[in-house]
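Read-outs: derived from the displayed coordinates by stated rules, not from any lab. Computed from a predicted structure; not experimentally measured. All Cβ positions, glycine included, derive from the backbone under ideal geometry; neighbour counts span all protein chains shown.
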Amino acid sequence: MPFISATANRKKLTVTYVDNKGAITIRTGGSRAWRNNNMGDMEYGAEAKANGAIGTDGRFAIYPDEATGRAAEKASLIDNYGNKSITDAISDLTPDKENNLAKYLATVKKITGLDLSRKVASLKTAEMNSLLDAIKQLEGWKEGTETTPKKVTATKKNKDGEIISYQLEGSSTFISKADAVQMAEDGEIYAVVVEPKKGDAYLRAFPDASTGDNFDSIAV
């Protein structure tokens, strides 16, 4: 299913994607470009949204898949730098303060074999693909891990009102709180593990936006 929204957690190096049926996929580790499906590390804004971005990590755009991110990179190059040379386009997109520009350009030439004085709009399909492949490599595309944690759909409480078990999507049975906490720590449940100073650890709905959002509302 296509992803329709995404949010990033820079501290944990994760991007959480949600598809049109509410299913969740989390990308962890790897490079920022891979987590965001943004091979050229394009910044988020009106252009990125027009080219399919579904979120931002605070600076760069997040795309629903690699193909959309690649198409957005190509569109940006043609629309903004079509009448400029490859050198000028890369110099603008990759300033010296962020990369060694001379080395970057030399590597692009080595990978693609292109004359970097050519205008971007003059590139044929195969040549453009070669340039895009070089950008992807130079921006450090590196895959991490991808998980599909389950949501909590119902909870049960004891006579004291404490949640003691959790039901997960796709299952009709309940698992113990201890098992649920372990699964959440392993990334198998979409929830935050809370470890109070006193008492056992428990789950809180994710993202951790409310101190009262502890799955009480779905107790059966």
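Shape class for the range 23-136: prolate, because the ratio a/c of the largest to smallest gyration tensor axis (alpha-carbon atoms, square roots of eigenvalues) is 1.5 or more and a/b beats b/c. Mean residue ellipticity at 222 nm, helices only, the chain: -9000 deg cm²/dmol; runs of at least 4 DSSP H residues each add -39,500 (n - 2.57), and the sum is divided by the number of residues. Both numbers refer to the Cα atoms of the range 133-220; Rg and Dmax are 16.9, 62 Å.
What you get for the chain, charging only the Cβ of Lys and Arg (+1) and of Asp and Glu (-1), is a dipole of about 200 debye around the Cα centre. Could you tell me which of rounded, prolate or oblate describes the range 76-162, using a ≥ b ≥ c as the square roots of the eigenvalues of the alpha-carbon gyration tensor, with rounded for a/c under 1.5 and, failing that, prolate when a/b is larger than b/c and oblate otherwise? Judged from the Cα gyration tensor, the range 76-162 comes out prolate (a/c at least 1.5, a/b above b/c).
Need one word for the range 1-52: rounded, prolate or oblate. Basis is the Cα gyration tensor (sqrt eigenvalues a ≥ b ≥ c); a/c below 1.5 gives rounded, then a/b vs b/c decides. It comes out oblate by the Cα gyration axes. Derived scalar couplings between HN and Hα for the range 166-171 equal 10, 10, 10, 4, x, 10 Hz in order, rounded to whole Hz, by the Karplus curve 6.51 cos²θ - 1.76 cosθ + 1.60 (θ = phi - 60°), x for Gly and Pro. The C-alpha atoms of the chain define a longest principal axis, and helix 66-81 lies at about 40 degrees to it. The H on the amide N of residue 154, modeled in the peptide plane, is under 5 Å from the matching H of 167, each at least 5 residues off or on a different chain.
Sorted on the mean count of surrounding Cβ atoms within 10 Å across their residues, most packed first, peptides 111-120, 169-178, 29-38 read 29-38, 111-120, 169-178. Given N residues in the chain, what is Rg(Cα) / (2.2 N^0.38 Å)? For the chain, the normalised Cα radius of gyration is 1.31. With the highest mean first, a sort of the peptides 95-103, 150-158 on other beta-carbon atoms found within 10 angstrom per residue produces 150-158, 95-103.
Scanning residues 5 or more positions from residue 43 or on other chains, those with amide H under 5 Å from its amide H are 61, with H placed 1.01 Å from N in the peptide plane.
Each residue of the range 153-160 is assigned a 3J(HN,Hα), and the resulting list reads 9, 7, 9, 10, 10, 8, 5, 8 Hz, derived from the Karplus form 6.51 cos²θ - 1.76 cosθ + 1.60 (θ = phi - 60°), x at Gly and Pro.
Test of understanding: in a Gaussian network model of the chain with alpha carbons linked when under 10 Å, which of 72, 106, 180 would top the mean-square fluctuation ranking? Evaluated over the chain, the most mobile residue of the options is 106. Here's the picture: charge each Lys and Arg Cβ at +1 and each Asp and Glu Cβ at -1 in the chain, and of 154, 187, 176 the one pushed furthest to the positive end of that dipole is 187.
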